[in-house]
Amino acid sequence: MPAKKLNLRKRYGLLTRGMGWETTHQKMDDVFPYDSFEGIKITDWDKWEDPFRLTMDAYWKFQAEKEKKLYAVIDSFAQNNGQTNLADASYLSAIKLFITGVTPIEYAAHRGFAHLGRHFRGDGARIACQMQAIDELRHQQTQVHTISHYNKHFNGLHDPFHQFDRVWYLSVPKSFSEDALSSGPFEFITSISFAFEYVLTNLLFVPFMSGAAYNGDMATVTFGFSAQSDESRHMTLGLEIIKFMLEQHEDNLPIVQRWMDKHFWRAYRLLALVAAMQDYMLTNSPMSWKEAWDVYFVENGGALFEDLSRYGLKMPKYHELATAEADHISHQIWSVFCSLGNATGFHTFLPTEEKMAWLSEKYPDTFDQYYRPRFEYWHQQQKDGTFEFQKGLPQLCQVCQIPMVFTEVQTDPMQISYRVTEHGGDKYHFCSDGCKDIFEHEPEKYVQAWLPVHQIYQGNCGGPTLPEVLEWYKFTPEDIGNYIGSQDHARWQEWTGEDKEVKQA
Amino acid sequence: MAVIAKDGYIDLVRDRVENFHGNQLVYVGWDDHLLFSAAQAFPLPPEMPFQTLVSEVMASVFNDHPDFQKIDWERAEWVLDGESFSPAMEASLKENGIGHKSLIRFKTPGLKGINGLRL
């Protein structure tokens, strides 16, 4: 008599491998048209191992339990006016950047994994991608639900998806996502699951989730925890796919190495926005960007690539530059936001005395020498009433789309890093050799880049004046500009009866 | 090398000069003045005299810096697309060899920014 209950391994086998078959009426290559044009050679999909051995029924059960807990916390947060327990309302600039810049990436990842969940030839890999597609959709949804509570009380949170497609600094995460989405499935999963989620995810998770905990934002902490067990599964998938590709065929190595180099650099450039958030936007920062980089990339990443060296995979190109830049990028990005704060959908504010003392301590080799003077100058201007936001629009990098603010940190940190190349008779400008290399490998892809500054000048963004462009972004006058004097600030003062200045520890 | 991407990828150069309604893009960066975090982008008619670029276009952004009024333009050092050059002030951008998406950098000897800190 057969056993009434299958063991986990058998169930996993039946519910994954048992769901696929060799097609006969149609050629397998027609059924799975996307998994070979990138040049990745797979000889045996059955060698795919899912370390979690998760089946759909178990998945639904786990996720439903997490949802119940999350929504109970969100309800109690709302009923107890959790927003009044924040360290300072200026902290919400970080949440505004998160909902407009990160949450839409979750949705883009959902789309990408849904595609892979259909188009990978191996059924085990397909199932893993289907679950991740649902995870990513859930993350997007829980973030919207959680942060919608703040939308009742504060400005700048009302239309993140509209803004993601239009706003000048949000083209940075948008172009990152769309670069991966328009690639083939193996490049997509190398980009998102490995370069982003495995190698760099802690650099996103720590500042946002620990940052939330440090600043009284229990709502964000809760969705962070709810997502965390998914993330560990995603990271494992990222590592598994890399090993799988490298074990399947030796010809895969140079392709995977090039993707690794490319997507490491793209993801790292995107995280420059997070670096600024971590060091400047958080009222209380759990650790500096540089500390996080040293722990999560230099130490942990170094150990990871040492482990992968047995497959012949090397550290991503330009990682030394990224480490050298760790002393600089948060200051450079926050400087450009502060000087263009009349066009950001979150409030900008200069670092306080306390914050600058902290930055001096965390960045002893750079902050006092290169960055403190500009913030002190702007402070003096604000005190004298002469501070003005900059009037022009900045030159953007053709690949990462960040304003060209990065400097030659290894030779002259006060010299902007300019790189240029020609293609089809036109010039293309870059912030770094990393971005220039990416362009030169696939110029036809990046000549299409939708650069917000150029689009404004082509007349595609609502009109030629700043108010018209901001209206096209759906930024209201209350969303933009200095925190001090904003509606958010006024409301916070009403609740707390104090905090006339930005509060930073 | 051709783009390796999903099917349906079209041939499109989004920033060709024809898309700028008679203007061309020109970038201008002021070395040693990092209060301006990046070079500035301007859409300009190729017939614009270089003098107008300096006294109107560049002034519209850079004049907020206290050094701008102190510049001795006779001594300014110019770099066009990586090569040093001497602009003819009355000649047009085009006649000066400034093309679509050219990068002009300038240094102002003796002026090193706020407190000499290259800001």
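For the stretch A:400-415, the condition holds for no residue, the condition being that it is assigned to a helix (DSSP H, G or I), open to solvent by less than 10 Å² (accessible area, probe 1.4 Å) and within 14 Å of chain B (Cβ to nearest Cβ). Residue check: residue A:434 meets all listed conditions (1) under 20 Å from the mean Cα position of the chain (by Cα); (2) at the interface with chain B (Cβ under 9 Å from one of its Cβ atoms) but one, namely (2). Among the residues of the stretch A:213-234, is there at least one that is basic (Lys, Arg), more than 15 Å from the chain's Cα centre (by Cα) and closer than 21 Å to residue A:96 by Cα? No, the stretch A:213-234 has no match at all. Checked against the criterion of being within 14 Å of chain B (Cβ to nearest Cβ), open to solvent by less than 50 Å² (accessible area, probe 1.4 Å), farther than 24 Å from residue A:269 by Cα and part of a helix (DSSP H, G or I), the candidates A:334, A:378 yield just one match: A:378.
Select from the stretch B:77-100 the residues that are in contact with a Phe, Trp or Tyr (Cβ under 9 Å, 6 or more places away or on another chain) and in a strand (DSSP E or B) and write down the one among them that is surrounded by the fewest Cβ atoms within 10 Å (Cβ to Cβ). If you could, list the steps in order and put the result at the bottom.
First pass over the stretch B:77-100, keeping only residues in contact with a Phe, Trp or Tyr (Cβ under 9 Å, 6 or more places away or on another chain): B:77-79, B:82, B:84-93, B:95-98, B:100.
Right, trim to in a strand (DSSP E or B) and you get B:77-79, B:84-85, B:92.
On the way: B:77: 13, B:78: 15, B:79: 16, B:84: 10, B:85: 14, B:92: 17.
Taking the candidates together, the pick is B:84.
Restricting the stretch A:74-104 to residues that are buried (at least 19 other Cβ atoms within 10 Å of the Cβ) and among the β-branched types (Val, Ile, Thr), the residue that is nearest to residue A:271 (Cα to Cα) is A:102. Take residue B:74 and decide whether it is surrounded by fewer than 16 Cβ atoms within 10 Å (Cβ to Cβ) and either within 13 Å of chain A (Cβ to nearest Cβ) or without any contact (Cβ under 8 Å) to a residue 12 or more places away in the chain (or both). For residue B:74, the condition - surrounded by fewer than 16 Cβ atoms within 10 Å (Cβ to Cβ) and either within 13 Å of chain A (Cβ to nearest Cβ) or without any contact (Cβ under 8 Å) to a residue 12 or more places away in the chain (or both) - is met.
What's the total number of residues in the stretch A:4-36 that are in a helix (DSSP H, G or I) and of a type in the set (D, E, K, R)? Of the residues in that region, 6 qualify. Take the conditions (1) open to solvent by less than 90 Å² (accessible area, probe 1.4 Å); (2) away from chain B (no Cβ under 14 Å); residue A:25 misses just one of them, which is (1).
Scanning the stretch A:28-46 for residues that are open to solvent by less than 80 Å² (accessible area, probe 1.4 Å), more than 14 Å from chain B (Cβ to nearest Cβ) and farther than 15 Å from residue A:255 by Cβ turns up A:28, A:31, A:44, A:45. Remark: pairs (first residue in the stretch A:458-474, without any contact (Cβ under 8 Å) to a residue 40 or more places away in the chain; second residue among the aliphatic types (A, V, I, L, M); Cβ separation under 6 Å; 6+ apart in sequence or on different chains) = A:462/A:469.
Taking the listed residues A:175, A:191, the one that is of a type outside the set (Lys, Arg), under 13 Å from the mean Cα position of the chain (by Cα), within 14 Å of chain B (Cβ to nearest Cβ) and open to solvent by less than 10 Å² (accessible area, probe 1.4 Å) is A:191, with no other qualifying.
The values are calculated or read from the model by the stated rules, or taken from the named source; none is laboratory data. None of the values given here were measured: they were computed from a predicted structure. Cβ: placed from backbone, ideal geometry, glycine included. Neighbour counts: every protein chain shown. Please note that ligands, DNA and RNA were not included when accessible areas were found on the heavy atoms of the full protein model with its side chains. Shrake-Rupley method; radii C 1.70, N 1.55, O 1.52, S 1.80 Å.
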